[in-house]
Amino acid sequence: MTTAATSARSVLAQRFKQRLKPFMPAWVLKFHRDRLIRREDSLYEGKSLGEVFTHVYKTGAWGVADDQSGFYSGSSSHDPKIVEPYVKAVTDYLRALPEPPAVVDLGCGDFNVGKRIRAVCGRYIGCDVVDAAIQSNRTRFSQLDVDFRCVDITTDPLPPGDIVFLRQVLDHLDNARIATVLSKLAPYKVLILTEYLPQSVNFTPNLDKAIGSHLRLFGPMPSGLVLTAPPFNLQVRSARILCEVPDSGGVIRTIAYELPGH
Ligand SMILES: C[S@@+](CC[C@H](N)C(=O)[O-])C[C@H]1O[C@@H](n2cnc3c(N)ncnc32)[C@H](O)[C@@H]1O
């Protein structure tokens, strides 16, 4: 079977699963997630991040777009119950600043979220490691005056700006790559970070994992990223929770970190 036929088949399978998901018992979802994690761990070894996330999109691992865009960054980038509180909280935060900030959106994905906050920002640079997603965004959002760039945030220099967004990007990377990204954030005044965390307060943060579509929340020990904790120990001037939305047995937390030195 050709690669195109394989991708089409897995997209159809994903679309089918997406419809069934709300009716599946928790143990079935867990079984599927565990299988996905095992498969990805071996499949992506030695691959570039561009290849990994191109494959994630092609196979519909985060779900499948209803439109013809071909890129779908996941239900947490589309579900109004998740997206609307985020957009409101971030919009309120940005509007309260003395002037619209220049923003850099690292891992902007299908830009379904970014497009909703674009109007309250000054210059907007959207970066992603998947070149085809960036090209699609350039076409689909040509009216929005966004500078879309294909950037691997772990290896390339990061564009300048006042505020940097990292929304559900770092959790898809291993700890070594996360540390590399964090070492490049000092030029920004504020980091707005959004990630899934376990709901219990007694979890061990920052457990390492392989790169891929899956989250630390669904690892053998549920975990999530707390950048101010070891091994990252991100230095911040202040941390303010902008919003928290429960989902998939965890919570999606958005925090504004003021970074030191500004
Ligand atoms: C789950 S999606 C989130 C997209 C968007 N931030 C949102 O919230 O809708 C994660 C995105 O991060 C991108 N990504 C992962 N690693 C990256 C890297 N090293 N450099 C740039 N983008 C990356 C993926 O290609 C994907 O588009």
Query - Distance-filtered residues of region 225-251 - backbone nitrogen under 14 Å, label point 7 angstrom along residue 207 Cα→Cβ - result: 225-226
Report task. For region 35-52, just list the computed ³J(HN,Hα) in residue order, Karplus coefficients 6.51, -1.76 and 1.60, θ = phi - 60°, integers in Hz, with x standing in for Gly and Pro. Result -> 5, 4, 4, 4, 5, 5, 4, 7, 5, 9, 4, x, 8, 6, 5, x, 5, 4
Query raised in the report: Remind me, relative contact order of region 156-202 in percent, using alpha carbon pairs under 8 angstrom and six or more residues apart?
Result: 54
Report task. Mind jotting down the distance between the C-alpha centroids of region 174-225 and region 109-171, whole Å? Result -> 20
Query raised in the report: How far is it, in nm, from the label point at residue 248 to the one at residue 66 when both lie 7 Å from their Cα along the line to the Cβ?
Result: 2.0
Report task. Using only the Cα atoms, work out Rg/Rh for region 20-60, with Rh taken as the Kirkwood radius, to two decimals. Result -> 1.09
**Report entry** Shape category assigned to region 77-258 from the gyration tensor of Cα positions, a/c cut at 1.5
**Finding:** rounded
Query raised in the report: By how many nm would the segment from residue 132 to residue 35 lengthen if fully extended, with 0.36 nm per residue of separation less the alpha-carbon distance?
Result: 32.2 nm
Query raised in the report: Counting Lys and Arg as +1 and Asp and Glu as -1, each charge on the Cβ, what is the dipole of the chain about the Cα centre in debye, to the nearest 20?
Result: 560
Query raised in the report: Under a plain spin-label model, where a point goes 7 Å from the Cα along Cα-to-Cβ, how far apart in nm are residue 147 and residue 237?
Result: 2.4
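How would region 127-175 be classified by its alpha-carbon gyration tensor: rounded, prolate or oblate, with rounded meaning a/c under 1.5 and the a/b versus b/c comparison settling the rest? Please list the in-between numbers first.
Values: a/c = 1.92, a/b = 1.50, b/c = 1.28.
Prolate.
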Report summary line: Output ordering of 247-254, 63-70 (per-residue mean of other Cβ within 10 Å, highest first) is 247-254, 63-70
Query raised in the report: Once a ≥ b ≥ c are taken as the square roots of the eigenvalues of the Cα gyration tensor of region 55-108, is the result rounded (a/c under 1.5), prolate (a/b larger than b/c) or oblate (a/b not larger than b/c)?
Result: prolate
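For residue 94, what is the net charge nearby, where nearby means another residue's Cβ is under 12 Å from its Cβ and Lys, Arg count +1, Asp, Glu -1?
+1
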Query raised in the report: Using only helices, what value at 222 nm comes out for the chain when you add -39,500 (n - 2.57) per DSSP H run of length 4 or more and divide by the total residues, to the nearest 500 deg cm²/dmol?
Result: -10000 deg cm²/dmol
Report task. Express the relative contact order of the chain as a whole percentage, based on alpha carbon pairs under 8 Å and six or more residues apart in sequence. Result -> 16
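Could you sort 31-42, 190-201 so that the peptide with the highest average Cβ count within 10 Å comes first and the rest follow in order?
190-201, 31-42
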Report task. Determine the percent antiparallel among the DSSP beta bridges restricted to the chain, to the nearest 5. Result -> 50
Query - HN-Hα J in Hz across region 117-126 - Karplus 6.51, -1.76, 1.60, θ = phi - 60°, x for Gly and Pro - result: 10, 3, 5, 9, 10, x, 4, 10, 10, x
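Read the figures in this text as sums done on the coordinates, not as results from a lab. This one's a predicted model, so the numbers in the text were calculated from it and none came from an experiment. Every residue, glycine as well, gets a Cβ built from its backbone with ideal geometry; the counts of neighbours run over all protein chains shown.
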